[in-house]
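Have a look at the structure below before the remarks.
Please treat every number below as a calculation from the coordinates, not as lab data. Bear in mind the structure is a predicted one, so any value in this text is a computation, not a measurement. All Cβ positions, glycine included, derive from the backbone under ideal geometry; neighbour counts span all protein chains shown.
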Amino acid sequence: MNFPILSTLIFLPLVSSFFIFLSKDQKNNYSSVYISVFSSLATFVLSLFLWYSLDLNSPDFQFVEEHSWINDFIKFKLGVDGISILFIILTTFITPICIISCINSVKDRVKEFLIAILILETLMIGVFCSLDLVIFYLFFEAGLIPMFIIIGVWGGPKRVYSAFKFFLFTLLGSVLMLVAIIAIYWITGTTDITEIYKIKIPKDYQNLLWLAFFSSFAVKTPMWPVHTWLPDAHVEAPTAGSVILAAILLKMAGYGFLRFSIPMFPVASEFFTPLIYTLSIIAIIYTSLVALMQDDMKKLIAYSSVAHMGYVTLGIFTFTKQGIEGSIFQMISHGLISAALFLCVGVVYDRLHSRLISSYGGLVNYLPKYSFLFLLFALAALGLPGTTGFLGEFLVLTGSFQKNYIVAMLATIGVVLGAAYMLWLTKRVIFGKNVKDEIKKLKDTNKLEILMLTTLAFFIIFFGFYPLPLFETLNVSVDNLILNYEQNLNDLKIVEK
Amino acid sequence: MINNLNILLPEIFLTLSIFSILMIGVFIRKSFNLVFNLSSVIIVITLVMILNLPTQPEKIFLDSFVRDNFSNFFKILILASSLFVLNSSKTFITENKIDKFEYPIIILIAILGMFFMVSSNDLILFYLGLELQSLALYILASIDRDNLRSSESGIKYFVLSALSSGLLLYGCSLLYGFTGSTNFDFIANELDKQNTGAIFAMVFILVGLAFKISAVPFHMWTPDVYEGAPTSITSFFAVVPKVAGLALLIKFMHIPFANILLEWQTIIIFISISSMILGAVAAIIQKNLKRLLAYSSIGHIGYALAGVATGAKSGYESAIVYISIYVVMNIGAFSCLYLMKKDGKYKENISDLSGISKKHPLLAISFLIILFSLAGIPPLGGFFAKFYVFTSVIEHKMYALAIVGLLTTVISAFYYLRIIKTIYFDDSSISFDVAKNKVAQITILISCSFLITFFLYPSLLNNVVNTLLIN
């Protein structure tokens, strides 16, 4: 197959954002909305085609594209395997929903907003496709620019503080990763990750390099104690910004652990496992407790994101098949559920312009459709069997029980706390008797909102009951990942003896 | 001898044309426009001449003048950047009534001085070139002679620069005394670690050069001169002499001081780290854009010096790439200043930019691109500049330098973000006059499109720069 399908996938949103830039401002910006909806749907269809034509029995990277880029130094190399394809699908699936959501919620500078979202989509797909460390870094870092603008321009009252915090935290983490990438180049002579997998980085370097990558991924995940930018960014970002941040940007770090940290630095990964376990457990329990105390809906969901990402890091570093598949599944599921929850908050925020839990109550009598969907997503978030939320957490816990039962038991406490804050949130927002007068005047969800939320609800339930397509896609790649990890570890240990 | 003079053809042409347009300026009244346009034409002709020169290295005048790829590259960079700086600022010059016919002529003289600087292979020629350049720059700094701040900046620059020239000359004479020659190649052979006197000489020369490129701790003049001088002069100061100064520094480290690498390396590392830190920290509290750009240029010189500090060919090359991209970014940034005009007066405070993204979306997006590039965020050109420098720094296992450098990148990102915040996040309070300065707009367009598209073919500059230095 010579057709450069991955490059097309990456640059399609970018090209269409250019067309939006050129398009004339009309009333309500219809042309830019149509272009962006159409192009993001086209990207989605293309990515589905990519999934369909991916050979699931091969652990190798497929659709590989190589172009010489910086002399004989770095190649522009793209490729996908069973793990990255799911993240690409998640990205291309969430983006059209974001674009549709902004028809209701963004009133000001719509054109620029759509351009920013589409550029962000390009960069996010690029992150998941790149097979070269420098290219990865390029896409990873460039995503800061549109997100900074999205939070800063269309955000809430404290948007400047949040945008700065988001940008500087992430940049600080990432520059160390850049040092590590360049160091890897001088150690191995290449930045092509398929080559680096074969070369095996010497044991002495691994710990420092692992820490440098960790500093970037830990900020992005975000792990305790560098998670503090996330609640601020989520609260102030516009709805679509929050959705992209929660659903996709956070997943880059989990993907980074799987793609880079574990295969490239197996010894260091094993060495630092206790650190990851400790931070994950703190994230799960501590941030769940913090979430209980929030009076702002978005902040509550943001803290629950940190807790859910705690399961992800925990699962990845079990190095068991259940754990890793579970954490990937958890990432996909959290991508769908948190997107849905942020959209739900966006729906009422557009009407009442308040995110405080105390402003609401008794919605079930006046917005029945909305309340039903909200309840569904809340239950999915707390891990109700039959939704994707359950499977992810269940597999991660299964995986971690094999390695360390104390950690697994502590992580299970998080499930209980998760149920507590989600149910309490639902009780205060959806139910309750003290109904304010403003609530009585609210209109129920309109067609567009129903469309977005039911699509998400459908997939949350569908993959909750029938997760097989996802696991089939992952199966061979994850097996290969674990196999390589163990082999690598043994080889380096033999060298040591 | 006469046959060899064609090696000097660009310099001879430049000298003769300076004399002739000086005559035109003296004898024709109100000749600013004519002289200005003629000087642009002269720059273009000189550019074409240099492009057509053969590429093999040649030396004349007892090996004191060398013409090779290295000098040609820097001459082209100097000419091209002067052309853009000069033309984008023309409207500014006439509107601020500094349209004296001497203005473009003095710039040409400064260019001539820089030509000899980058081509010199001898202490005497190098010093003459440097002084010709500095003399022209003193006048340029105080060209707005009725303005107190401009005169002040001129005097300040003159006093401090004269001191540094003195140190430089003292270093040169020491070097001659300890090695017995003024020729670079000869000095390179004579120098070794036992020659303690020559190491003193090296320190003096380094101090002088560090002053010219405004590296910490010899940077004190920069913010005041940048702020005091008219913007058109500041943009020249920020770009062209820096290029020549860095070229000379690289040349000194590469040829005469190649054998005492360990001695000067420590000094350069110190200068580099302190420039990066000061450039990042001091810029945070600035309110004036020109002053902020002054501190940012100090920081950028620090990054370029990090490449020089490796003491290896790849490091020098990365520094050259860095300074080339820096030139493009700064020309773009200063051209944006020419469009910030309100009621006939040019604005230069950051607060004057508040909320311009609504009324001037194109100016805002240009600022955005240039500032993110200055901050070194991928995929813009500024990132690759830093990337190449740190690649060679890490190649030579100077991890501490790399980590300090990248951490200061984060700190300096803060003040670039602050400007972007003012442009995009703050409420609109100002709308500038309709811009009539088409050249500045075109310059911004060129600069931005270079920075955006650089990632498509990032080895373009490297391929050129790779041919400059001979082992």
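Structure values in brief
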read-out	value
Calculated P(r) of the stretch A:18-123 - Cα pairs past 22 Å, %	45 percent
Mean Kyte hydropathy of -1.0 or more with a Cα span along the axis of at least 30 Å, helices from DSSP in chain A	A:30-53, A:82-105, A:159-188, A:321-352, A:405-429, A:468-496
Within straight-line cross-link reach of A:Lys493, lysines at Cα separation under 17 Å, skipping those fewer than 8 residues along the same chain	A:Lys198, A:Lys200, A:Lys203
Pairs from A:Lys298/B:Lys358; A:Lys220/B:Lys313; A:Lys369/A:Lys436; A:Lys107/A:Lys158; A:Lys24/B:Lys287 whose Cα-Cα separation, in the structure shown, is over 27 Å	A:Lys298/B:Lys358; A:Lys220/B:Lys313; A:Lys24/B:Lys287
Distance violations [Cα-Cα > 30 Å] among B:Lys386/B:Lys421; B:Lys75/B:Lys290; A:Lys447/B:Lys359	A:Lys447/B:Lys359
Charge-dipole axis of the protein assembly as shown as Lys and Arg at +1 and Asp and Glu at -1 on Cβ define it, positive-most pick from B:Gly376, A:Leu375, A:Pro13	A:Leu375
Nonlocal amide H pairs with B:Asn349, under 5 Å, H built at 1.01 Å	B:Leu289
Normalised alpha carbon radius of gyration of the stretch B:32-85 [divisor 2.2 N^0.38 Å]	1.33
Under the span-like rule (Cα at least 15 Å along the axis, Kyte-Doolittle mean at least 1.6), DSSP H helices of chain B	B:9-27, B:32-52, B:102-119, B:123-141, B:196-212, B:261-282, B:361-375, B:438-453
Label-point separation, B:Phe27 to B:Leu9 (7 Å along Cα→Cβ), nm	2.8 nm
Where labels lie 7 Å past Cα in the beta-carbon direction, separation of A:Tyr52 and A:Val495 in nm	4.5 nm
For the stretch B:2-465, diffusion coefficient by Stokes-Einstein and Kirkwood Rh (Cα), 37 °C, 0.692 mPa s, µm²/s	147 µm²/s
Nearest-0.05 FRET efficiency for B:Tyr399 and B:Asp185, computed from C-beta distance (R0 41 Å)	0.75
Dipole-positive endmost among B:Ser120, B:Phe200, B:Val393 within the stretch B:2-465 (Cβ charges, Cα centre)	B:Val393
Paramagnetic reach from A:Phe471 (point 7 Å along Cα→Cβ, amide N under 11 Å) across the stretch A:378-404	A:391-392, A:395
Residue-count net charge about A:Gly361 - beta-carbon cut-off 10 Å; Lys, Arg +1, Asp, Glu -1	+4
Centre separation in Å (Cα based) which lies between the stretch A:1-80 and the stretch B:314-348	33 Å
Length-normalised contact order of chain B in % [C-alpha pairs under 8 Å, at least 6 apart]	14 percent
Surface/4 of the Cα convex hull for the protein assembly as shown, nm²	41.6 nm²
Dipole in debye (nearest 20) - the stretch B:2-465, about Cα centre, beta carbon charges: Lys, Arg +1; Asp, Glu -1	1180 debye
The stretch B:369-445-the stretch B:242-269 distance, computed between alpha-carbon centres (Å)	27 Å
Point-charge dipole on Cβ atoms (K/R +1, D/E -1) for the stretch A:37-112, about Cα centre, debye to 20	440 debye
Part-to-part distance (alpha-carbon centres) for the stretch A:239-256 and the stretch A:159-214, which is given in Å	20 Å
Calculated P(r) of the stretch B:400-453 - Cα pairs past 16 Å, %	69 percent
Test item: Cα-centred dipole of the protein assembly as shown, Lys/Arg +1 and Asp/Glu -1 on Cβ, debye	2620 debye
Viscosity 1.306 mPa s, 10 °C: Kirkwood-radius Stokes-Einstein D of chain A over Cα pairs, µm²/s	70 µm²/s
Cα gyration tensor, the stretch A:85-201 - rounded (a/c under 1.5), prolate or oblate	oblate
Principal axis dimensions, largest first and in whole angstrom, of the stretch A:368-497 by Cα	75, 32, 21
Label-point gap, in nm, between B:Leu460 and B:Ile60 - each point 7 angstrom along Cα→Cβ	3.4 nm
